[in-house]
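The structure under discussion appears below in the form of structure tokens.
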Amino acid sequence: MAWLFCANLGLWLAVYAPIQVLLPQQAELLNKANKEFVFGVVTGVGGLVSLFIVPLIGTLSDRTTSRFGRRHPWTLAGAVVGAIGLAVLANAPSVLIMTIGWCLVQAGIGGMLAALTAVVPDQVPVEQRAQVGGLIGISQMLGTVLGAVVVTLLVSGLEAGYLACAIIVLIGALFFVWRTPDTQLIVKPVRPTFWISPREHPDFAWAWSGHLLINLGNAFGTLYLLYFLGDVVHYPSPEDGLLVLMALYGVALAAGAVLFGARSDRSGRRKPYVYGAAAVMTLAAVLLVIWPTWAAVLVAAPLLGVGFGIYWAVAIALLTQVLPAAADRAKDLGVLNVANALPQVVAPLLTAGILANLGGYRGLFAASALATALAAALMSRVRSVV
């Protein structure tokens, strides 16, 4: 559990430090007049790569018969490819090279994510999965916060920031592979299909749809936060403001994940916690619709953090309990992780339209609230998990 936490910490830092700080800064450096468009294109294309790579690597890891295990080879390979992509970004002289670099990052980190996620149903009993999900949620939060600290306070410049992220993701993967066992597959299972019938597996379909909308709502609320602080809130130093918000968000997320993940495991119930998490996250978004100020952001950040912490802890448990077949765990989790990647593709495109035509940032946070509330409604249709 400890080494899984460390590997996930490196993974999320390598994703969120660029998304929150480095990519927006680089987009502004390369094309200041169209920074939102450039940032949206780069993250959207990278998200499209992740959309396909996660289920593909999941399928390959399900069928890997290496003597080193099913998952570890893909964890390490993904970290290496992601680090190469970060190195490309560090020296990107144009939007095209920037896009190629981010696509490599998304391909590598997506493969690493597919392998690490499959470790949970492989090795964690059902009655401990929400606790482990809470740890993974905390690693995501710490990756976000520490990533912002590393690239704004500990190193100077885009190049140093990207290279620091590359080193950290490699260290996390290396220690996880070195210090933990892995399941070994002797005979390959039958060839899988990527299609999972909603008619045959309705709970999987409802859970996938709800997970998609939760992540879409979160993307609406966080992708353009740095620009929101500068252009709407007019905070004197948006990067410093982002650090403050990430600290508040992180502490709240950790508290929500640890406290409510353990409660969910003890009670065996998942859906009431999903409803509560969605309600808190919706409230955070509505607050920014009504009151888009620095004071409101200081309240909304911890609300969003505690809500997402509760959700992430319980969602890991719920999602692993609706998988159709044990032999295809990583592939099926890869299909579920499409619900993580797809918002990265569509959110930048939708955000551009919302900002231009539907009320600016107020409209964007309203869309976040709506998506999160609908997610809870869809999750209520899951019947096999209480």
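General remarks:
- Segment 51-147: relative contact order as a whole-number percent, Cα under 8 Å and 6+ apart: 30
- In Å², nearest 10: area of residue 237 left accessible to a 1.4 Å probe: 40
- Tensor-based shape of segment 107-232 (alpha-carbon gyration tensor, a/c under 1.5 rounded, otherwise prolate or oblate): oblate
- Under Karplus coefficients 6.51, -1.76 and 1.60, residue-wise ³J(HN,Hα) of segment 290-303 in Hz, glycine/proline x: 6, 9, x, 10, 4, 4, 5, 5, 5, 7, 5, 4, x, 4
- Residues whose amide H lies under 5 Å from that of residue 270, counting only those 5 or more places away or on a different chain, are 386; hydrogens are built 1.01 Å from N in the peptide plane.
- Across segment 1-82, the relative contact order, built from alpha-carbon pairs under 8 Å that are at least six residues apart, equals 16 percent.
- For the chain, a simple Cβ point-charge model (Lys and Arg +1, Asp and Glu -1, everything else neutral) yields a dipole of about 960 debye relative to the Cα centre.
- Vicinal HN-Hα couplings computed from phi for segment 310-317 (Karplus, 6.51 cos²θ - 1.76 cosθ + 1.60; Hz; Gly/Pro x): 4, 4, 5, 4, 6, 5, 4, 5
- Accessible area of the chain divided out per residue, in Å², using a probe of 1.4 angstrom: 39
- Accessible surface of the chain, 1.4 Å probe, proportion on carbon and sulfur as whole %: 69
- Chain lengthening between residue 156 and residue 296 when straightened (0.36 nm per residue, less Cα-Cα): 47.4 nm
- The 3J(HN,Hα) values that the Karplus relation (6.51, -1.76, 1.60; θ = phi - 60°) gives for segment 369-386 are, in residue order, 4, 5, 4, 5, 5, 5, 4, 4, 5, 5, 4, 5, 7, 5, 9, 7, 10, 8 Hz. Gly and Pro appear as x.
- If you wrap the chain in the convex hull of its Cα atoms and look at it from every side, the mean projected area works out to 17.0 nm².
- Contact order, relative form, for the chain: 28 percent (alpha carbon pairs under 8 Å, 6 or more residues apart, mean separation divided by residue count).
- For the chain, adding -39500 (n - 2.57) for each run of n ≥ 4 DSSP H residues and dividing by the number of residues yields -26500 deg cm²/dmol at 222 nm.
The values are calculated or read from the model by the stated rules, or taken from the named source; none is laboratory data. Since the structure is predicted, the reported quantities are computational estimates derived from the model, not experimental observations. Glycine also receives a Cβ, built like all others from the backbone with ideal geometry; neighbour counts cover every protein chain displayed. Side chains included, ligands, DNA and RNA excluded: accessible areas come from the protein's heavy atoms. Shrake-Rupley method; radii C 1.70, N 1.55, O 1.52, S 1.80 Å.
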